[in-house]
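A short write-up of the structure that comes next.
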Amino acid sequence: MYPPPYYHTTDRAQLQAFLQQHYFGLLLSNNGSLSYSPVPFLFIWQSGSDKAYCHLARNNPQFKQLDGVEVTIIIQGPHAFVAASCYSKQPAVSTWNYAMVELKGIARVLDNEQTLALVRQQEAHSAPSMAQSEAYQQQLVKAIAGVEISLTEVSGRFKLSQNKLLAEQQTVIRYLQQTEQPATVWQMMNSLYQGQ
């Protein structure tokens, strides 16, 4: 990921807060050719042993090449077009503001019991009232398998007009609000610049 210093972050609290709200992304691996799967992730933060979890269909070709392999996870958050007219110095170039996190680590395929525990944990997070019979759960683990990723690197790129003057940042926020761009971009900008 190409990160000019003013967009790049390794701030643990900032990245964890982002990943708590944005946890659907791409699991990428390379075993002679690039493979990827779009999946939801569950992140467990324990200093020194951070983990990401997901599950894949057993018949997914990527699944067959994951155990013990280095993988990359890309989580993309909100994004929005920013018109050149937002900037005081003209001519200017229109751009795109966005937020994304890249995580790297080593994948390990989970056994059936661990897979079921993972699925229950993910459902408790997203659908707490959903209950499945034991028989159904046993059928489920024949079709899917969990993956644990021991994270070795976590970094983010939050391109939110940090390289612009405060007045221009405020103009960008107003532009995004007025053009009904995704609200989360200007909300992220507001929270980033509070107190400035």
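The values are calculated or read from the model by the stated rules, or taken from the named source; none is laboratory data. Predicted model, so just to flag it, every value in this text is computed and none were measured. Heads up, the Cβs are rebuilt from the backbone with ideal geometry, glycines too, and the neighbour counts pull from every protein chain shown. Surface accessibility is based on the protein's heavy atoms, side chains included, excluding ligands, DNA and RNA. Shrake-Rupley method; radii C 1.70, N 1.55, O 1.52, S 1.80 Å.
What does the accessible area per residue of the chain come to in Å², with a 1.4 Å probe and no ligands, DNA or RNA counted?
For the chain, the per-residue accessible area is 55 Å².
Kindly report, to the nearest 10 Å², the accessible surface of LYS51 as traced by a 1.4 Å probe over protein heavy atoms only.
It works out to around 40 Å².
Defining a contact as two alpha carbons under 8 Å apart and six or more residues distant in sequence, what relative contact order in percent does the chain show?
Computed value for the chain: 26 percent relative contact order.
Rounding to the nearest 10 and keeping the result within 0 to 90°, find how far the Cα-based axis of helix 183-193 lies from the longest principal axis of the chain.
Compared with the principal axis, the helix lies near 70 degrees.
So what is the relative contact order of segment 7-51, in percent, for Cα pairs below 8 Å that sit 6 or more residues apart?
Answer for segment 7-51 is 26 percent.
In segment 137-178, whose amide N lies under 18 Å from the spot 7 Å out along Cα-to-Cβ of ALA92? List them in ranges.
159-178
Please report the carbon-and-sulfur percent of the accessible area for segment 1-139; probe 1.4 Å, protein heavy atoms only, DNA, RNA and ligands left out.
54
Where does helix 166-178 land angle-wise versus the long Cα axis of the chain, in degrees 0 to 90, nearest 10?
Roughly 60 degrees, rounded to the nearest 10.
Under a Cβ-Cβ cut-off of 9 Å, what is the net charge of the residues other than VAL109 that fall near it, where Lys and Arg count +1 and Asp and Glu count -1?
So the surrounding residues net to -2.
With Rg/Rh (Cα atoms, Kirkwood Rh) defined as stated, name the option among (1) 1.14; (2) 0.97; (3) 1.06 computed from the structure displayed.
So the structure-derived entry is (3).
For the Cα atoms of the chain, what angle does the longest principal axis make with the long axis of helix 134-143, in degrees from 0 to 90, nearest 10?
70
Could you calculate, for segment 19-77, the ratio of the Cα radius of gyration to the Kirkwood radius, expressed as Rg to Rh?
With Rg and the Kirkwood Rh in hand, the quotient comes to 0.97.
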